[in-house]
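Bear in mind these aren't lab numbers, they're just calculated from the coordinates by the rules spelled out. Because the structure is predicted, anything quoted here is derived from the model rather than measured. Cβ sites come from the backbone with ideal geometry, for glycine too, and all protein chains shown count toward neighbours.
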Ligand code: ATP
C-alpha cells in the first residue's frame, strides 16, 4: 500500500521572499503514476524532497499510507528515490549496487541474491552484473538506478527527472519502459519533470506547478482540453496554444479583422474582452474542411514540414497576448528572434498539399475546440 496525501505542504527557505512550495494539497492514490511538472524553479524537486524526507517541511502535513510522516526520517518512509544523477556507487559492480541497501538491512544472502537476480532480469541487467557504472552507457546506468530503487520493494517511488541525462531517442524509449514497468509493478510513483510531453505521456494524472503553487491536477486530457488558466493552457501542448485577445460583439468574436461566430459552448458577455485559445490542431485547410466552418485568411510566413504534419505560422492583425507577463511561461512568440507585436499563430495541418512561405490560404477553425480566458485573472471562462 502506498497512498500519499499532502495537505497544505509549504517550504519557505530562509532569506527568500516567496515560498518555494506554497500550500500544496494533493492526494496520490495507491498504485497511481502522478507526474509533477512545471518550469525550472517552480518547486518540483523541493516538493519531492519533502515527500522523501530529505528536506524539512516548513508547514503542512504529509501522510504516507494514512500515517503522519511529516517529520519521519527518510528511512522510515518506505519510499525509494531515483535521482537524475543516478547516484550509483562507482567502485561497486551493478549487482553490488543493487544489493547494497538490502545488505544494510541485514537481509539474508540467499534472499538478497534472489531479489537482485529477479530485478536484473526484469531490467535486462543480468549480462552487465559484474560491470562497474563507469563501464555502462547512460541508459544502462539509468536502469541500474531504477533497479536499486526496485529491489527495496518500497511502497512508492519518487523520481526526479530520471531520464534527463539521456539523449532524446533513448529518453523516449525509456519512457515507455517506465510506463510498462509501472503497469507491471503497480507501485505508487511520483515523477518530476519540466518536460510537458514527458508529463503527458507518462502521467495517469499530471499536477502542474508554477511558483510553488499547484495550478491544476488532472488527466492529460483534462489539462489539454480544459485548462483552468492561461498558464496551464500555454504550458501544456506542443506546438503551444495560440492566444489572442478578442472582443465579443453581435454574437461574434472580433479577432484581427475577422468575425468568428461565438461557439455554442461559450457563455460570453457581449461587449466583453476575452482571451481566445486556439490549439494549433484546431485548424484545417478550408478546402478540405466542412464548408460551414468559420475561417480565417492567412498569409504564411513560415512553413515547417514535419512529415506527417505541417506547422504553418502566420501573423494575425491583432496584438499578441503577452503570456510571459501574464503567466511567466515561454510562448512561441517569446522565442522569436525578431520583435513582432502582432499575434503569431501556428496551425498544425495534415499535409494534404504542399505549402510555402508567402502562400495565401484559407484556414477553417473547429470552433468547438476554442478555449476562453479572462484577460485580467487569466482564469478559464466556463
Ligand atoms: P528545476 O527544474 O530547475 O530543478 P524545480 O522546479 O525542481 O527546478 P526547486 O529546485 O524545487 O525547483 O527550487 C524551487 C525554488 O526554491 C527555486 O526558486 C530555488 O532557487 C529555491 N531553492 C531550492 N533549494 C534552495 C535552498 N537550499 N535554499 C534556498 N533556496 C532554494
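Worth pointing out:
- For the chain, relative contact order (Cα pairs under 8 Å, six or more residues apart, normalised by length) works out to 16 percent.
- Each peptide in 233-239, 210-216, 356-362 receives the mean, over its residues, of other Cβ atoms within 10 Å, and ordering these scores from highest gives 233-239, 210-216, 356-362.
- The stretch 180-326: C-alpha pair distances exceeding 24 Å, %: 45
- Residue order for 79, 260, 172, 255, fewest other beta carbons within 10 angstrom first, comes to 172, 260, 255, 79.
- Full-extension gain in nm, residue 168 to residue 109, via 0.36 nm per residue minus C-alpha separation: 17.3 nm
- Pairwise FRET efficiency - residue 292 versus residue 59, Cβ, R0 = 51 Å, nearest 0.05: 0.35
- Every pair of different Cα atoms in the chain enters the Kirkwood calculation, which places the hydrodynamic radius at 23.2 Å.
- Fully extending the segment from residue 76 to residue 176 would add 32.9 nm, taking 0.36 nm per residue of separation and subtracting the current Cα-Cα distance.
- Averaging the sequence gap over all C-alpha pairs within less than 8 Å and six or more residues apart, then dividing by the number of residues, gives the stretch 34-138 a relative contact order of 20 percent.
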